[in-house]
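Presented below is the structure to which this report refers.
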Amino acid sequence: MPKIVDNWRVAWRNRFFRDQLLLSLIGFLLASVLMRLFLSYIETRSGISLPDPLLPLFAPTDLKWITFSCIYSAMILGFVALAIYPFSLLLAIRSIFVMILLRITFLFLLPLDPPPGCIPLVDPFIRMPAVFPPTSRDLFFSWPTALMALFGFCARWRDMRILFFSAAALVSILFLLQHVHYTIDLVAAPCFAYLAFGIAKGNTLHEVSGTPSNNRI
């Protein structure tokens, strides 16, 4: 805890960090609202069905409790781990913003129908259909898989990177077992996460005056 407080105290004295964190949070919130509106729109579109090499091999199984438990656990752990290093958290927020824009772009360009036998991914913890309606066409690319892979790219410790990449693989398997995503949605997700990470990092100042080396990106 003292390390977190010290890191944030030093970072908060830096005007670059304060300004960029505020702008990044505003951008993230606006992009999230846009994403929610866009998901409502794509549910009204028809798309194409892709041939998949894995889905025909097994019948769909409802595993939503396990799936969402893994997703939420990884998300909480990811933000807590990144919060220790303020500039790493800033990089993660920027990366998520870029990833949202990439996902909106490819959802628009590649409309897909749900895989055969798809079990709608209904959140068993947040039962607010008016606010978080279940969707079935937000397919390419898988958002939870990409988010966990992104946490892995942003993580400062090797063990945490392994944990997040393993979580991304586990959730991908659970999605396949429920026929929620095509295989290509899941394979592409870490690639887009890395692309978003690279774009965000390339546009983020690495060396900030007055910031100790252990608190830099």
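A straight chain from Phe125 to Phe79 at 0.36 nm per residue would run longer than the Cα-Cα distance by 14.6 nm. Of the residues Val10, Val98, Val80, the one with the fewest other Cβ atoms within 10 Å heads the list, and the complete ranking is Val80, Val10, Val98.
Considering only Pro111, Cys154, His179, and ranking their Cα positions along the charge dipole of the chain that arises from unit charges at the beta-carbon of Lys, Arg, Asp and Glu, the one farthest toward the positive end is Cys154. Would you mind ranking Thr145, Thr44 so that the residue whose beta carbon has the fewest other beta carbons within 10 Å leads the list? Ranking Thr145, Thr44 by Cβ neighbours within 10 Å, fewest first, gives Thr44, Thr145. Around the Cα centre of the chain, unit charges on the Cβ atoms of Lys, Arg, Asp and Glu (plus for the first two, minus for the last two) sum to a dipole of about 820 debye. For the residues Ala59, Ala81, Ala155, a GNM of the chain with alpha-carbon springs under 10 Å puts the largest fluctuation on Ala59.
Using the Cβ of Asp185 as centre and a radius below 15 Å, the other residues enclosed give a net charge of -1, where K and R count +1 and D and E count -1. Using just its DSSP H runs of length 4 or more, each adding -39500 (n - 2.57), the chain gives a mean residue ellipticity at 222 nm of -21500 deg cm²/dmol after division by all residues. By the scheme Lys and Arg +1, Asp and Glu -1, what is the net charge of all other residues having a beta-carbon under 15 Å from that of Asp19? Taking every Cβ under 15 Å from that of Asp19, the sum is +4.
Two numbers describe the Cα atoms of the range 2-215: Rg and Dmax, which are 18.2, 57 Å. One chain, two ends: Arg158 and Val5. Fully extended at 0.36 nm per residue, the span grows by 52.8 nm beyond their Cα-Cα distance. Dividing the mean sequence gap of close Cα pairs (under 8 Å, 6+ apart) by how many residues the chain holds gives a relative contact order of 31 percent. Shape of the range 80-128 from the C-alpha gyration tensor: oblate (a/c of 1.5 or more and a/b not above b/c, with a ≥ b ≥ c the square roots of its eigenvalues).
Rounded, prolate or oblate: which fits the range 137-201 when a ≥ b ≥ c are the square roots of the eigenvalues of the alpha-carbon gyration tensor, with rounded for a/c under 1.5 and prolate only if a/b beats b/c? Oblate, because a/c is 1.5 or more while a/b does not exceed b/c. If you run the Gaussian network model on the chain, springs between alpha carbon atoms under 10 Å, then out of Val33, Val122, Val180 the most flexible one is Val33. Label the range 54-114 by shape, choosing from rounded, prolate and oblate, from the square roots a ≥ b ≥ c of the eigenvalues of the Cα gyration tensor; if a/c is under 1.5 it is rounded, and otherwise prolate applies when a/b is larger than b/c, oblate when it is not. In terms of gyration-tensor shape, oblate. Springs join every pair of Cα atoms under 10 Å in this Gaussian network model of the chain, and among Ile42, Ile66, Ile184 the largest mean-square fluctuation is at Ile66. Taking label points 7 Å from Cα along the Cα-to-Cβ direction, Leu50 and Ser166 give a separation of 2.8 nm. The slack between Leu37 and Lys201, meaning 0.36 nm per residue of separation minus the straight C-alpha distance, is 56.3 nm.
Since every read-out is calculated from the coordinates, none of them should be taken as a lab result. The structure displayed is predicted, hence computed values, not measured ones. Glycine gets a Cβ as well: all are built from the backbone with ideal geometry, and neighbour counts include every protein chain shown.
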